[in-house]
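What follows is one structure encoded as structure tokens, with my remarks underneath.
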Amino acid sequence: MYDRDYEYIMAIAQTGTLSRAAVSLGISQPALTRFLQKEEQTINTKLFQKTSGRLTLTYAGECYINYIKKILSIQKDMMNSLQAISRVEKGRIRIGVPSIRRPYTIFSVIPEFIKAHPSIDITLHENRSSMLEQMLEDLELDVIAVNTFRKKDSLQYRKVADEEFVLAVPAGSPLIAASEDVEGCKYPSIRPEQLNHQTFIFLSQQHRIRQFTDKLLAAHHIEYKTAMHARTLESALEAVSVNMGITFTPEVPLTQLRNSENIRYLSILTDDTHYEFNLVYRKGAYIDPSLEDFSRIFTENYQKVMPAAQNLYINTKWKIVPLQLHTHCREHRELVYMEHTSGPRCLDLYLPEHLNRPAPVILNVSGGGWYFGHRNTVHIGSIADVGLLHGFAFASMACVSSRLEKYPFQIREVKTAIRYLRSHAEEFGLDPDHIILWSPSSGAHLSLMAALTDGNPYFDDTSMGCDSVSAAVQAVVATYPPTELGVSEQQFLDTGITSPYPVSGINCTESILLGCTAEKDPALYREASPLYHITKSAPPLYLQHGRLDNIVPYIQSESFAEVYRRVVGPEKIVFESLEDAGHSDPRFKSPEACERICRFLENVLEL
């Protein structure tokens, strides 16, 4: 038989009719009929049978097709071997990875490979490991990168690393404090029985990690709660990052995930948690020089990325670095300002050690793209230290994630926290007439919205708590705030700056907060933008932004400041611009910057 004959049989099997197969092959139906009759006479058996008007394979036909695939595979390997030299100059590599490995492959491996082999076309497929193995066997892929638990005789394996199944937990999980350092374990470890009564995020039964999870929980008779079922591991890890629960995961580099700083890994002290992470090829397949080089780059990059990721999360960021003050003060931690289905919402309050008058209050709303954040981190230390030295009380909070609640919930939550501080002013020695919001990024957006919508019942829900007092604030300090939603993409294009994160579409943080894209509901985006809520009665504002910001366009603050000066008055705003600063530049919260801001507050509030 010739290759064309193989195509005839494959076409009939795929289309189910002679007429459709003939059209796809570009020959007449009578010619195809004669070919099939002759072939069946030659082998003396039927390859197809008619079922409900379609031609389906007989058992002999299935065997026939399987051998055709093997023959084609041998032919392909032969041609690859003969053309290896030319294929180094021009060719194609079809790669398969589970979706959780995609960021590492795209950002670390493929760019380096393309730089070395610009004429080689790369095709990247994402799927479950079992599906990728099948695609490799069916000649649809050249190499896959998967976790391996049972090796197949039809495939050959090249180990990239030894990994383990780990438990992914939120950064503030009590399991972290309960963990212990165990020799031989990469991460702080817990025993299986410590999982009792924990809340889990599960993947579907097709995932190997789910099968591992079910086996472990059953073997140790673990009682658990279910928060949700996720289709992908990325979704499960995102749910972990917003404190919805815990999940088991392969040991992938967390630094490649967008909201990774709110996730920590724990080792589990039990058997069968270790496996090989392999590059896999068809057994006997010719690995040409370009594919060999891809495998080298993949392995070398992984061996650089993974230890760095482990060190980052074991050492410097294993626990969220807590707020460490250098100024003596009185602390009140975890003050509950409202209840929520995800748990009590708390703020921390720090008071000057010696109060000779009620203390004006600075309330910090955590940044984090509206979907993660923490009220107690080292990043707000200078603000709190300098503020306390100037006689301000300092409070910090983080709003409910946009994964759990949509706009305008978070604005209402900020106002509830303000009312809590005002209603408890006498108890803590606070000045209820001088409350200031001082926040970065998305927290600055919420702070501006809370300040600029005072008296608007749509943005306030007094049923959330402390309904007898006002939610007004007397000043705002906003650092690189989003002030006009839905326009970042065009603004970055206009300035030639590229953002590392999506700035449009359903996956950008604004769309997640608002529950839709800007194209679908532009009026909602306008309503959620501080730029369109500026009135004459707006409070004094200290605004900070860097021209090189690639998260929130600098022009947003520039435009906002211009409108603020015109509507509110030039004496009510200071706009501090740094020419060479990006997002989260430490100079914005340096002790020197905090001193300038505190003096501004003392002046405009006449303290």
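I'd like the full set of residues that are open to solvent by 20 Å² or more (accessible area, probe 1.4 Å), assigned to a loop (DSSP other than H, G, I, E, B) and aliphatic (A, V, I, L, M), limited to the range 474-513. Of everything in the range 474-513, those that are open to solvent by 20 Å² or more (accessible area, probe 1.4 Å), assigned to a loop (DSSP other than H, G, I, E, B) and aliphatic (A, V, I, L, M) turn out to be 487, 497, 503, 506. Suppose the filter is under 30 Å from residue 130 (Cβ atoms), of a type in the set (Val, Ile, Thr) and at pLDDT 80 or above; does residue 305 pass it? No.
Applying the criterion of at least 2 residues that are open to solvent by 20 Å² or more (accessible area, probe 1.4 Å) and touching a strand residue (DSSP E or B) at 6+ places or on another chain (Cβ under 9 Å) to the helices (runs of 4 or more DSSP H) found wholly in the range 516-607 leaves 554-567, 591-604. Only one of the numbered conditions (1) surrounded by 24 or more Cβ atoms within 10 Å (Cβ to Cβ); (2) over 20 Å from residue 360 (Cβ atoms) is not met by residue 438, and that is (2).
Kindly list, by first and then second residue, each pair from a residue in the range 501-528 that is at positive phi to a residue that is in a helix (DSSP H, G or I) and open to solvent by less than 30 Å² (accessible area, probe 1.4 Å), limited to pairs with Cβ atoms under 8 Å and residues at least 6 apart or on different chains. Close Cβ pairs satisfying both conditions: 505/511. Per the listing 189, 173, 154, the residue uniquely closer than 26 Å to residue 262 by Cβ, among the small types (Gly, Ala, Ser) and open to solvent by 10 Å² or more (accessible area, probe 1.4 Å) is 173.
Among the residues of the range 152-173, those identified as at pLDDT 90 or above and either among the basic types (Lys, Arg) or not in a strand (DSSP E or B) (or both) are 152, 153, 154, 158, 159.
Residue by residue, here is whether (1) of a type in the set (A, V, I, L, M, F, W, C); (2) more than 25 Å from residue 162 (Cα to Cα); (3) in contact with a strand residue (DSSP E or B) (Cβ under 9 Å, 6 or more places away or on another chain) holds:
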position: 182; (1), (2), (3): yes, no, yes
position: 187; (1), (2), (3): no, no, yes
position: 191; (1), (2), (3): no, no, yes
position: 207; (1), (2), (3): no, no, no
position: 228; (1), (2), (3): yes, yes, yes
position: 231; (1), (2), (3): no, yes, yes
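Within the range 553-564, does at least one residue satisfy the condition of being modelled with pLDDT of 95 or more and β-branched (Val, Ile, Thr)? Scanning the range 553-564, I find at least one residue that is modelled with pLDDT of 95 or more and β-branched (Val, Ile, Thr), so the answer is yes. Given the condition within 24 Å of residue 544 (Cβ to Cβ), open to solvent by 10 Å² or more (accessible area, probe 1.4 Å) and either modelled with pLDDT under 95 or not in a helix (DSSP H, G or I) (or both), answer yes or no: does some residue in the range 444-458 qualify? Within the range 444-458 (the criterion being within 24 Å of residue 544 (Cβ to Cβ), open to solvent by 10 Å² or more (accessible area, probe 1.4 Å) and either modelled with pLDDT under 95 or not in a helix (DSSP H, G or I) (or both)), the answer is yes, since at least one residue qualifies.
Number of residues in the range 92-139 that are out of contact with any strand residue (DSSP E or B) (no Cβ under 8 Å at 6 or more places or on another chain), surrounded by fewer than 16 Cβ atoms within 10 Å (Cβ to Cβ) and more than 30 Å from residue 66 (Cβ to Cβ): the value is 6. Only a single item in (1) touching a strand residue (DSSP E or B) at 6+ places or on another chain (Cβ under 6 Å); (2) open to solvent by 60 Å² or more (accessible area, probe 1.4 Å) is not met by residue 55, and it is number (2).
One residue alone among 217, 203 is crowded, with 17+ Cβ neighbours inside 10 Å, over 21 Å from residue 252 (Cα atoms) and either of a type in the set (Asp, Glu) or in contact (Cβ under 8 Å) with a residue 12 or more places away in the chain (or both), and that residue is 217. Of all the numbered requirements in (1) modelled with pLDDT under 85; (2) touching a Lys or Arg at 6+ places or on another chain (Cβ under 9 Å), residue 184 misses one, and that requirement is (2). Being in contact with a helix residue (DSSP H, G or I) (Cβ under 9 Å, 6 or more places away or on another chain) and aromatic (Phe, Trp, Tyr) narrows it down to one residue among 212, 202; which is it? None of the other options fit; the residue is 202. Of all residue pairs spaced 6 or more apart or on separate chains, those with beta-carbon atoms under 8 Å, a first member in the range 280-302 that is surrounded by fewer than 18 Cβ atoms within 10 Å (Cβ to Cβ) and a second member that is acidic (Asp, Glu) are 283/153; 284/77; 286/77.
The values are calculated or read from the model by the stated rules, or taken from the named source; none is laboratory data. Keep in mind that this is a model prediction, so the values were computed, not measured. In this analysis, Cβ positions are derived from the backbone assuming ideal geometry, glycine residues included, and neighbour counts consider all displayed protein chains. What goes into the accessible areas is simple: the full protein's heavy atoms, side chains included, and nothing from ligands, DNA or RNA. Shrake-Rupley method; radii C 1.70, N 1.55, O 1.52, S 1.80 Å.
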